[in-house]
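Here's the structure we're looking at; comments come further down.
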Amino acid sequence: MIPDLILRNGKITTLDPAKPEATALAIKDGRILATGSDADITPGPLTKVIDLQGHRVIPGLNDSHLHLIRGGLNYNMELRWDGVPSLADALRMLRIQAHATPPGQWVRVVGSWSEFQFIERRMPTLEELNEAAPDTPVFILHLYCRALLNRAALRACGYTKDTPDPPGGEIQRDKQGNPTGLLIARPNAMILYATLAKGPKLPPEQQVNSTRHFMRELNRLGVTSCIDAGGGFQNYPDDYEVVRQLHDRGEMTVRIAYNLFTQKPKQEKDDFAKWMKMTKPGDGDSFLRMNGAGEMLVFSAADFEDFLEPRPDLAPTLETELEEVVLALASNNWPFRLHATYDESITRFLDVFERVNKAVPIGGLHWFLDHCETISDRNLDRVAALGGGIAIQHRMAFQGEYFVDRYGAKAAERTPPVRGMLARGIPVGAGTDATRVANYNPFNSLCWLVTGSTLGGLQLYKDDNRLSREEALRRYTVGSAWFSREESVKGSLAPGQFADLVVTNEDYFTVPEARIRDLHSVLTLVDGRPVYAAGPFREHDAPAIPILPDWSPVKRFGGYGAPLWNGFSTAPSANKKSYAPSPESHPFWGSGCDCFAF
């Protein structure tokens, strides 16, 4: 067969056991045709050839836990502090964006950052927010624990001294009883997301544009596939309309397998019964396909993590409600995933799964738990016996300092116990859980897996719970493919697999460990087509997309690390080769859903 495209003169890591390294590869009809030496791979008269100029090539990264569909609807509205080196710079960005934001709109920083990433190693104060943006509403989300609102945002939300605290949350007040602007998630994050839901939304046509830019930003960071974990305020099928439009128009640049997240507390079984009549796992194609249920199956099982607060006690109704839903899913051959932070919760979940397994075997479903920061060896054995998997994310890179303060450094050494999972043969996929706690940059997650340290530099893990660079890359590629039952077409650059790949700006295998997080793509292919290109490969870039609305923070700063901004007072990272993308490429508490959103 004559190739459509050949990449040559590179350092290609295929993750194919038959041929793990190559200097060239050939692509035909969106699939890998062959790999080998430059001499092995020969073009035809119409074959396009790209000289890799010695760059490293890796398989496209597959985030096994990402909230892309929801995140895309809001991406163009959000100012990003992730990857910003100092709080001083973050506040300058806030001031600039507040000045550019029109009346009626908000400035939002919706998670994905840590106070420990800043050289100041502290949170912003409410006074600093009010000084930076005296008239424009500002909402700053920090992890799942708190949100900061300036005075303009308090007015926009209607929060006064007469506003009652909602169930599960606290409005901090001054001595006179007036809200200060600090919202505290105690014991869950409902107050944070109910407040965020009060802000303006983009109109549908701008949500389409926003989702395209979010996908392009993910392409810039090497992501070619993800498994979308659903979320609160993300109802099927209504809130999937934007991504369906993009799919129907052939404009998706990230492959999505999506899970359905229940929306109605105490009516979870009804949600899934309704969806079972509308769709089934596997419906769709290689760019957009239904993957199963979760990550929320029943609200009584939501062991939301906030390591600044004690572990939550889950409701006594958990087992009855969860068993009813999981039995219905298993009986209809629906794979499922479940948010699971604490071992105490996981014990109860597995009790349910074992009972269901006796009635309807679940071993072949590709069911899995998400997160599992404190899972015990005993429960790892139970997951393995039931044929389950575990999807891990770099949440501890953002919250490790808080965990150590509460539970101690010894307990933090196995959060999560990745080596123990792999030793038992449990399928493990890597991801981010972006966009509200951890950020969507997979190289941050890979850096965490390899170094075992937080964004602030705290060493969490010893060598026996860290992965080599190749092992970490496998979790993000071959490993993640198991979670959508796509092992035969994703994960490696072997003949017959999808031609989804990333050319990195520097060599993933030789760059200093701490700088793995600084890597990004200079050429990303999905289905054998360039979807992002920069630097020496810019000529191959996809056509530019205007950024809407005109005041979007993305137009001014870009995404992760503010690559379009040259106003940093502190260099984001020294001695790194980086190529910036083009700015155009790419009752009172009764409002909205009363669930908190992962």
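Listed peptides 30-41, 409-420 appear in the order 409-420, 30-41 once ranked by packing, highest mean of other Cβ atoms within 10 Å at the front.
When the stretch 331-468 is described by a simple charge dipole with +1 on each Lys and Arg Cβ and -1 on each Asp and Glu Cβ, the residue from Val360, Asn439, Gly452 located farthest towards its positive end is Val360. Rounded to whole numbers, the Karplus 3J(HN,Hα) couplings from phi for the stretch 375-390 are 4, 8, 4, 4, 6, 4, 4, 5, 4, 4, 5, 8, x, x, x, 9 Hz, using 6.51 cos²θ - 1.76 cosθ + 1.60 with θ = phi - 60°, and x at Gly and Pro.
Toward the positive end of the charge dipole of the stretch 218-330, with +1 on the Cβ of Lys and Arg and -1 on the Cβ of Asp and Glu, the farthest Cα among Gln267, Asn219, Leu329 is that of Asn219. Quick one: net charge around Pro187, please, counting Lys, Arg +1 and Asp, Glu -1 for every other residue with C-beta under 12 Å from its C-beta. So the surrounding residues net to -4.
Taking amide H as placed 1.01 Å from N in the peptide plane, the amide H of Thr180 sits under 5 Å from that of Gln172, Arg173, Asp174, each at least 5 places away or on another chain. Across the stretch 471-483, rounded Karplus estimates of 3J(HN,Hα) from the backbone phi angles (6.51 cos²θ - 1.76 cosθ + 1.60, θ = phi - 60°) give 4, 4, 4, 4, 5, 8, 9, 4, x, 5, 4, 4, 6 Hz, Gly and Pro being marked x. Dipole magnitude for the stretch 385-493: about 120 debye, using +1 per Lys or Arg Cβ and -1 per Asp or Glu Cβ, origin at the Cα centre. Taking amide H positions as modeled 1.01 Å from N, with prolines and chain starts lacking one, the residues under 5 Å from Arg146 and 5 or more places away or on another chain are Ala185. Each peptide in 492-502, 240-250, 392-402 gets a packing score, the mean of other Cβ atoms within 10 Å over its residues, and the list from highest to lowest is 392-402, 492-502, 240-250. Taking θ as phi - 60° and the Karplus parameters 6.51, -1.76 and 1.60, the scalar couplings of the stretch 313-327 work out to 8, 7, 5, x, 7, 3, 4, 5, 5, 5, 4, 4, 6, 5, 4 Hz in sequence order, x denoting glycine and proline. In terms of Cα to Cα distance under 14 Å, which aspartates and glutamates are near enough to Lys274, apart from those fewer than 8 places away along the same chain? Partners found: Asp238.
Extents of the chain, taken as max minus min of Cα coordinates on every principal axis and listed largest first, are 78, 60, 47 Å.
Once you have the Cα-Cα distance between Asp238 and Val49, take 0.36 nm times their residue separation minus that, and quote the gain in nm to one decimal. It would help to have the intermediate numbers written out before the result.
Values: separation 189, 0.36 × 189 = 68.04 nm, distance 4.26 nm.
Answer, rounded to one decimal: 63.8 nm.
Roughly how big is the chain's charge dipole about its Cα centre, with Cβ charges of +1 (Lys, Arg) and -1 (Asp, Glu), in debye to the nearest 20?
Values: 65 positive and 73 negative charges, 103 e Å.
So the dipole magnitude of the chain works out to roughly 500 debye.
Assuming charge only on the beta carbon of Lys and Arg (+1) and of Asp and Glu (-1), the dipole of the stretch 346-434 about its Cα centre is about 260 debye to the nearest 20. Between the amide H of Ala293 and those of Leu260, Phe336, Arg337, distances stay under 5 Å, these residues lying 5 or more places away or on another chain, with hydrogens modeled in the peptide plane.
Would you mind calculating the gained length between Arg249 and Arg155 on full extension (0.36 nm times residue separation, minus the Cα-Cα distance), in nm to one decimal?
29.7 nm
Taking every alpha-carbon pair under 8 Å whose residues sit at least 6 apart, the stretch 155-309 reaches a relative contact order of 18 percent. Considering only Asn235, Leu350, Thr23, the residue lying farthest towards the positive end of the dipole of the chain is Thr23, judged by Cα position with unit charges set on Cβ.
Where the accessible area of the stretch 1-155 is counted over protein heavy atoms with a 1.4 Å probe, how much of it, in %, is carbon and sulfur?
Within the stretch 1-155, the accessible surface is 54 percent carbon and sulfur.
Separation of the alpha carbons by more than 25 angstrom is noted, of Lys201/Lys264; Lys280/Lys358; Lys201/Lys555; Lys280/Lys490; Lys19/Lys490; Lys201/Lys277, for Lys201/Lys277.
Return the distance in nm (one decimal) between the two label points of a simple spin-label model at Lys358 and Lys274, each offset 7 Å from Cα along Cα→Cβ. Taking the two extended label points, one gets 3.4 nm.
The values are calculated or read from the model by the stated rules, or taken from the named source; none is laboratory data. What you see is a predicted model; the values in this text were computed from it and never measured. Glycine gets a Cβ as well: all are built from the backbone with ideal geometry, and neighbour counts include every protein chain shown. Remember, those area values only see protein heavy atoms, side chains included, never the ligands or the DNA or RNA. Shrake-Rupley method; radii C 1.70, N 1.55, O 1.52, S 1.80 Å.
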